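A short worksheet on the structure shown next.
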Amino acid sequence: MSKIRVRFAPSPTGFLHLGSLRTFLYNWLFAKKNKGKIILRIEDTDKERLVPGATEKLLETLEKLGFDWDEGPFLKEKGNKFIIDQKGGCGPYIQSQRIEIYQKTAKELIEKGKAYYCFCSKERLEILRKEQEAKKIPPGYDLKCRNLSAEEIKNLLEQGKPKVVRLKIGEGEIEFNDLARGKVVFDLKNIDDQVLLKSDGWPTYHLASVVDDHLMKITHVIRGEEWLPSTPKHLLLYQALGWEVPKFAHLPLLLNPDLSKLSKREQDVAVEDYLEKGFLQEVIINFVALLGWNPDTNQEIFTREELVKSFSLEKIQKKGAIFDLNKLLWMSGEYIRKKALPELTELCIPYLIKSGLIKKVNGEYEIRETGEKASFDWLKNIVVLEQERMKKLSEISSGSSFFFVKKLEYPSDLLTWKEMTEEEVRENLEKAKKIIEEIPETEFNLEELKRNLFLLAEKTGTGELLWPLRVTLTGQKNSPPPFEIMEILGKKKTVERVEEAIEKLEV
């Protein structure tokens, strides 16, 4: 058996879509599982849809996710910037650099009688389409140029009339075994004579894809379900050229919870959006792997190594895979809770900087608003408070912002617990302040704060003391317990915030 070779062949038309990431991931897992190779190929022959810089962004995103590939384009550092370089013996791996290969293949198909020149203008094809719509018949080419004589073709070519190359579709049925779906049969009467080479000499997806898969020795084509209707055209091309046909596996669509196709209208679909929001690369990979693949166990948290070991094409489901944002958030929280604190702190710091809470000066961190030093250990204490509650890294900023501001802004009525009066709240805060002030600076720690303040809470009522104290320290309804917050803020800041709350109530 020949060595397994799979490929991921995106078009640089924008950001990396979640569905495209899943296609890459399944190809990558299949290659790793079978000790094969994965080839990255850029399909940029649709000139109208190309987005400048999209190839670089795609390569960058895959690298951010920790992926590697055996052949194809990659980012190479040159001076103070990155350029696109290529590796492998079947290149070039960018289709716009392979145009002559496709033109040569199209000519070969014409010579074999498997394809033909079509000289029909866009205007004629548009009129034909409208007529077919009016008669309520399926749109398709009417084969006008299929039976032109050699003399007619020669004359039209000599006149320089614009032309395309079309594939001759035969009659009957064509079938193949899809590794994810089983036997698939197509009736050729429902398939149009597909354009292979456009009038500008550039190939369509169908020709370029088949030629490249053959020349790059691809053994398995694993791609999205949207390409299933194209497969019979590709099979006919393989047959017409006398080439060995690779095995196919078509992946189910990604769906919104309402079963509509996953789209930007409903939620973010670009992988970059999820990375930017603070979803760990491990979370994204784990979550995407389960969108259409069932490991036949109750296990939902997988390392990359476990995914490689468990993956098989036979376990890919046929029905659409639902993208459940709540499940993604749950999974993300699970990963964050398992992160070692120093690593998690390093991952959170860029979000604290981005949100303007801290800044880096001469290699050290400072609180932007006050200029005070924010040591790594101090930041670690903040992160560990939020670790149990965070679902994504970006939440560190909203959850802990009260640590980084000079003065909190909140309405005085937020301090009131249930039926308490403002006078009762003020009295309880006065008592708490007295106790806090009496704790020596050297003993201002979690244990001492709990011990002393819980003695007071036994007299005032737990909620009656701790609720206003929590709001006093954070300005928020929901936050970590007040004792941990006080320990991180330190005695001076804790007393200042209690005094500010008392003043607020007096006003």
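What follows is calculated from the coordinates using simple rules that are stated; it is not laboratory data. None of these values were measured; they are calculated from a predicted model. Counting neighbours? That spans all protein chains shown, and the Cβs are built from the backbone with ideal geometry, glycine included.
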When Ile99, Ile42 are ranked with the fewest other C-beta atoms within 10 Å first, the list becomes Ile99, Ile42
One quarter of the C-alpha convex hull surface, i.e. the mean projected area of region 98-251 in nm², amounts to 9.9 nm²
Residue order, fewest to most surrounding Cβ atoms within 10 angstrom, among Thr474, Thr219, Thr13 = Thr13, Thr219, Thr474
Could you tell me, in Å, what Rg and Dmax come out for the Cα atoms of the chain?
-> 31.9, 107
If R0 = 41 Å, then Asp46 and Val384, at their Cβ-Cβ distance, give a FRET efficiency to the nearest 0.05 of 0.25
Find which of Thr462, Leu347, Ser412 sits farthest along the positive direction of the dipole of the chain, computed with +1 on the beta-carbon of Lys and Arg, -1 on that of Asp and Glu, about the Cα centre.
-> Leu347
Cα-Cα P(r), region 1-128, percent of pairs per 5 Å interval | 2, 9, 15, 18, 17, 13, 10, 8, 5, 3, 1, 0
So how much slack lies between Leu446 and Lys144, counting 0.36 nm per residue of separation and subtracting their Cα-Cα distance, in nm?
-> 100.1 nm
Note down, for region 339-404, the three equivalent ellipsoid semi-axes (square root of 5 times each alpha carbon gyration tensor eigenvalue), biggest first, whole angstrom.
-> 18, 12, 10
Rg to Rh quotient for region 412-506, alpha carbon positions, Kirkwood Rh | 0.92
Exposure proxy order (Cβ contacts within 10 Å, fewest to most) of Met486, Met331 = Met331, Met486
Along Cα→Cβ, 7 Å out, is where each label goes; now give me the distance between the ones at Lys261 and Lys406 in nm to one decimal.
-> 5.5 nm
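Remind me, relative contact order of region 339-404 in percent, using alpha carbon pairs under 8 angstrom and six or more residues apart?
With pairs under 8 Å counted, the relative contact order is 35 percent.
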Report Rg(Cα)/(2.2 N^0.38 Å) for region 98-167, keeping two decimals.
-> 1.26
